[in-house]
């Protein structure tokens with residue numbers, strides 16, 4: 001029996017599954033999705049899930065002037081519920097990085113959500129049509145990519161798994177994937193129907209997705 005390890009770029013998978021409305025996004029739902037990749041002569045070794053922690057900070061929304069506690073607002077509570085679900089689901093290992101609110105010239109930076117930015121640029125809406133829900137803090141994830149790269153290298157080097165399924169669209173993982181293949185692992189990319197760089201596709205053995 002071949003062991004199969006999964007590496008999940010959590011923010012990438014969350015965004016794609018919600019966009020595609022593919023399944024209920026929690027620990028059991030993610031595990032059930034991963035099991036689609038397991039073939040008859042294979043067994044699940046472990047699912048490694050990577051994401052940054054919830055933003056434990058307050059900020060003043062520049063549109064309304066309302067103070068928001070990001071850890072305890074509805075989005076923060078939903079994210080904490082998701083993390084608890086993942087932690088208590090069998091065969092998961094949760095790896096947490098840090099959320100850092102980006103500053104621009106000393107001020108905390110906010111960004112328009114993608115669909116609203118598109119509507120604004122196309123002239124479908126005006127600045128005066130925006131509300132609190134249309135903007136979000138500009139967050140940088142710290143330590144997440146590094147932890148994924150380290151775990152891929154360790155699993156490949158110690159032969160814990162024979163096959164690696166990585167769910168991401170990030171080309172930054174190419175060096176770790178190249179190392180895994182040199183160590184004899186089969187590397188499968190699941191990009192969840194997202195457009196990915198040819199540089200990433202070049203350094204995997206195959207692509208599969210079940211959405």
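Do we find that residue 49 is crowded, with 17+ Cβ neighbours inside 10 Å, in contact with a strand residue (DSSP E or B) (Cβ under 6 Å, 6 or more places away or on another chain) and in contact (Cβ under 8 Å) with a residue 60 or more places away in the chain in this structure?
No.
A quick yes/no check of all residues on (1) at positive phi; (2) assigned to a strand (DSSP E or B); (3) assigned by TED's automatic domain parsing to the domain that holds residue 201:
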| residue | (1), (2), (3) |
| --- | --- |
| 81 | no, no, yes |
| 120 | no, no, no |
| 124 | no, no, no |
| 128 | no, no, no |
| 149 | no, no, yes |
| 165 | no, yes, yes |
| 178 | no, no, yes |
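Could you tell me which residue of segment 57-71 is nearest to the chain's Cα centre (by Cα), considering only residues that are free of Cβ contacts under 8 Å to residues at least 40 places away in the same chain and not in a strand (DSSP E or B)?
71
Just checking, does segment 1-12 include any residue being buried (at least 18 other Cβ atoms within 10 Å of the Cβ) and over 18 Å from the mean Cα position of the chain (by Cα)?
yes
State which residue pairs qualify: first residue under 23 Å from residue 65 (Cβ atoms) and inside segment 115-141, second residue part of a helix (DSSP H, G or I) and at pLDDT 85 or above in any location, beta carbons under 7 Å apart, and separation of 6 or more residues or different chains.
Pairs found: 116/134; 125/119.
So for segment 99-114 (the condition being part of a strand (DSSP E or B), in contact with a helix residue (DSSP H, G or I) (Cβ under 7 Å, 6 or more places away or on another chain) and not assigned by TED's automatic domain parsing to the domain that holds residue 42), does at least one residue qualify?
Yes, some residue in segment 99-114 is part of a strand (DSSP E or B), in contact with a helix residue (DSSP H, G or I) (Cβ under 7 Å, 6 or more places away or on another chain) and not assigned by TED's automatic domain parsing to the domain that holds residue 42.
If residue 188 satisfies all but one of (1) under 15 Å from residue 9 (Cα atoms); (2) modelled with pLDDT of 95 or more; (3) touching a helix residue (DSSP H, G or I) at 6+ places or on another chain (Cβ under 9 Å), what's the number of the condition it fails?
It is condition (3) that residue 188 fails.
From the list 96, 103, pick out the single residue that is modelled with pLDDT under 95 and farther than 30 Å from residue 126 by Cα.
96 is the lone residue from the list that is modelled with pLDDT under 95 and farther than 30 Å from residue 126 by Cα.
Could you list, in sequence order, all residues of segment 189-211 that are outside any loop (DSSP other than H, G, I, E, B) and over 17 Å from the mean Cα position of the chain (by Cα)?
198, 199, 201, 202, 206, 207
So how many residues does segment 152-187 have that are within 21 Å of residue 91 (Cα to Cα) and within 17 Å of the chain's Cα centre (by Cα)?
6
Any residue that is part of a strand (DSSP E or B) and either assigned by TED's automatic domain parsing to the domain that holds residue 159 or more than 19 Å from residue 148 (Cα to Cα) (or both) - is there at least one of those in segment 28-43?
Scanning segment 28-43, I find at least one residue that is part of a strand (DSSP E or B) and either assigned by TED's automatic domain parsing to the domain that holds residue 159 or more than 19 Å from residue 148 (Cα to Cα) (or both), so the answer is yes.
The values are calculated or read from the model by the stated rules, or taken from the named source; none is laboratory data. Since the model is a prediction, treat every value here as computed from it, not as a measurement. Reconstructed Cβ throughout: ideal geometry from the backbone, glycine too, with neighbour counts over all protein chains shown.
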